[in-house]
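J.: Got a structure here, written out as structure tokens. Questions coming.
No lab work stands behind these numbers, since they all come straight from the coordinates. Note that the structure is a prediction, hence the values are computed from the model and not measured. A quick note on method: Cβ atoms are made from the backbone with ideal geometry, for glycine too, and the neighbour counts reach across all protein chains shown.
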Amino acid sequence: MASSEPESLTPTALRKDGPDHFVIEWGDGHHSVYTWRHLRANCPCASCREEKEQPANPLRVLKPGELLAPTAVSMPRVGRYAYKIAWNDGHDTGIYTLQYLRSLCQCPQCLEKADHATPRSAVTEV
Amino acid sequence: MQPPGPPSQKFELPNIQYLVAVASGKGGVGKSTVAANLALALVKKGKRVGLMDADIYGPSIPIMLGIGDVDPQTTTFPIERHGLKAMSMGFLLGPDKAAVMRGPMVQKYLLGFLTQVDWGQLDYLLVDMPPGTGDAQLALAQTAPVAGVVVVTTPQDVSLNVARRGVQMFRQVQVPVLGVVENMSFFIGEDGKRYEIFRHGGGRKLAEESDVPFLGEIPIDPRVAECGDQGEPVVHRYPDSDVAKAYLALAETVDQQLRHGTQPKELPEVQL
């Protein structure tokens, strides 16, 4: 059978850490930490990516959900390769692959070296 | 049958031991022929087998199994033929209608076939995938407990190139690739000589490059097409032929791999 994902992309535990943070323990021992705001801002769904590519509109009217501090309502598994995050603002089309989650890590070591660009091979369809 | 409302999240199939997809990036390499004959070869090994036709736009399993026009209002699915249970969009459409629908409807039918058809207790449910790396493949990978995928290719580069993308896609979504099988590999003429009509060795090369097992070569035999058109796959009609023996060997390899290999781990649930 074909080899499975490396330990660096095998999560062993995923949990909320206080009201603002989310952590993932990986098979290689790495401890990833994220703010919900960071994950929400990096939603990989097609509409969020398109919105980010547009020039900033200074007259944009905020949607009611945007006034809330973002937090995940649920995070169902997607196959064996990703999690989908349903947010408290009602948005739920972002599929976060394991590779993408790992690349978004905000731990001090990762922040030093990461440019947090979306990996080319990350599956970002909805 | 109305478009079913299948689960959008990952589900279990407790009555099915191994859910195996038969796929290839490219069309026309003989996926349905391989799926039908592999299914019957597993039946010959004493396994309880189902065959699900996931090619919603171009179902070919009804013809290959010799299941003619059925009335979906009065027929109980799956339909049993040659010792295996089958389900196909072709049973719902009849021979003349086209499935004119977009991806989300394809996903609904596909997952509905998996979860709402009473398959009973099965050792294997083979899924004959459509060509490509799109809606059907993603729907299966995202929601169904796929034990593995058999990638079918023909020997020439044009097929290998697309099959390689198929292997890559399944890897990316963490579906184990059981290996590559090379269909239409060679032809033994009446003079006893071996003719490699579509070149040779591409399947093995793809398997090596992709670091997956090479599952074997299926020879060309004109009776394969004749049997498919007449609704009795070659493994059933000519069980002693070389091509049937190749399918039996393929069934043995797949069965061994699944029974002795490591089953893929599911992701842990998130604690919120």
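J.: With just the Cα atoms defining each centre, how far is the stretch B:209-265 from the stretch B:134-175? Give it in Å.
T.: First find each Cα centre; the distance between them is then 18 Å.
J.: Right, here's the next one. Can you give the three extents of the C-alpha atoms in the stretch B:119-272 along their principal axes, from longest to shortest, in whole Å?
T.: For the stretch B:119-272, the Cα spread along each principal axis is 69, 37, 29 Å.
J.: Here is a further query. Only bridges whose two residues both fall in the protein assembly as shown count here: according to DSSP, what percent of them are antiparallel, nearest 5?
T.: Of all bridge pairs located within the protein assembly as shown, approximately 45 percent are antiparallel.
J.: Using a 10 Å cut-off on Cβ to Cβ distances, tally the other chain neighbours for every residue of B:260-271 and report the average as a whole number.
T.: The shielding value for this peptide is 6.
J.: Taking amide H positions as placed 1.01 Å from N in the peptide plane, with prolines and chain starts having none, which residues 5 or more places from B:GLY216, or on another chain, fall under 5 Å of its amide H?
T.: Here the answer is B:GLU182, since their amide H atoms fall under 5 Å of that of B:GLY216.
J.: Against the empirical 2.2 N^0.38 Å scaling, what ratio does the C-alpha Rg of the stretch B:98-199 come to?
T.: 1.33
J.: Helix-derived [θ] at 222 nm for chain A: sum -39500 (n - 2.57) over DSSP H runs of at least 4, divide by residue count, nearest 500?
T.: That calculation yields -5000 deg cm²/dmol at 222 nm.
J.: With Cβ to Cβ distances under 12 Å as the rule, what net charge do the other residues near B:PHE214 carry (K, R +1; D, E -1)?
T.: -3
J.: Test of understanding: ordering B:SER24, A:SER8, A:SER32 by Cβ neighbours within 10 Å, fewest first, what list do you get?
T.: With the sparsest Cβ surroundings first, the list reads A:SER8, A:SER32, B:SER24.
J.: Fewest to most neighbouring Cβ within 10 Å: what's the order for B:ARG102, B:ARG237?
T.: Ascending Cβ contact count within 10 Å gives the list B:ARG102, B:ARG237.
J.: Shifting gears a bit: Between rounded, prolate and oblate, where does the protein assembly as shown land on the alpha carbon gyration tensor, with a ≥ b ≥ c its root eigenvalues, rounded for a/c under 1.5, else prolate if a/b exceeds b/c?
T.: Verdict is prolate for the protein assembly as shown.
J.: Another question, then. For the stretch B:1-100, with equal point scatterers placed on the C-alpha atoms only and solvent neglected, what are the log10 I(q)/I(0) values from the Debye formula at q = 0.13, 0.16 1/Å, to two decimals?
T.: -0.50, -0.78
J.: Report the FRET efficiency, 1/(1 + (r/R0)^6), for A:LYS113 and B:ASN15, where r is their Cβ-Cβ distance and R0 is 41 Å, rounded to 0.05.
T.: That pair, A:LYS113 with B:ASN15, gives E of 0.30.
J.: Counting only helical runs of four or more DSSP H residues, what would the 222 nm mean residue ellipticity of chain B come to if each run contributes -39,500 (n - 2.57) and the total is spread over all its residues?
T.: -11000 deg cm²/dmol
J.: With a length cut of 18 Å (Cα positions projected on each helix's long axis) and a Kyte-Doolittle mean of at least -0.5, go through chain B and give me the DSSP H helices that pass.
T.: Going by DSSP H runs, the hits are B:31-44, B:103-116, B:157-172, B:242-260.
J.: Further question: Which semi-axes, in whole Å and largest first, does the equivalent ellipsoid of the stretch B:16-260 have when worked out from the alpha carbon gyration tensor as the square roots of 5 times its eigenvalues?
T.: Equivalent ellipsoid semi-axes, largest first: 26, 21, 17 Å.
J.: How many Lys pairs in chain A lie less than 22 angstrom apart by Cα atoms, where the lysines are 8 or more positions apart or on different chains?
T.: Lysine pair count for chain A: 4.
J.: Can you give the extra length, in nm with one decimal, that the chain gains between B:GLN116 and B:ASP71 once fully stretched, where that is 0.36 nm per residue apart less the Cα-Cα distance?
T.: Value of the extension gain: 14.4 nm.
J.: Neighbour counts of other C-beta atoms within 10 Å: give me A:CYS107, A:CYS43, B:CYS227 arranged from fewest to most.
T.: Ascending number of Cβ neighbours within 10 Å: A:CYS107, A:CYS43, B:CYS227.
J.: Starting from the Cα gyration tensor of chain A, multiply each eigenvalue by 5, take the square root, and state the resulting semi-axes largest first in whole Å.
T.: Ellipsoid half-lengths, sorted descending, are 25, 16, 15 Å.
J.: Can I ask one more? Rounding to the nearest 20 debye, state how big the charge dipole of the protein assembly as shown is about its Cα centre with +1 on each Lys and Arg Cβ and -1 on each Asp and Glu Cβ.
T.: Here the protein assembly as shown has a charge dipole of around 540 debye.
J.: So what's the gap between the Cα centers of the stretch B:75-91 and the stretch B:9-27, to the nearest angstrom?
T.: The two parts, judged by their Cα centres, are 17 Å apart.
J.: Test of understanding: what is the full-extension gain from B:MET105 to B:LEU272, defined as 0.36 nm times their sequence separation minus their Cα-Cα distance?
T.: 56.9 nm
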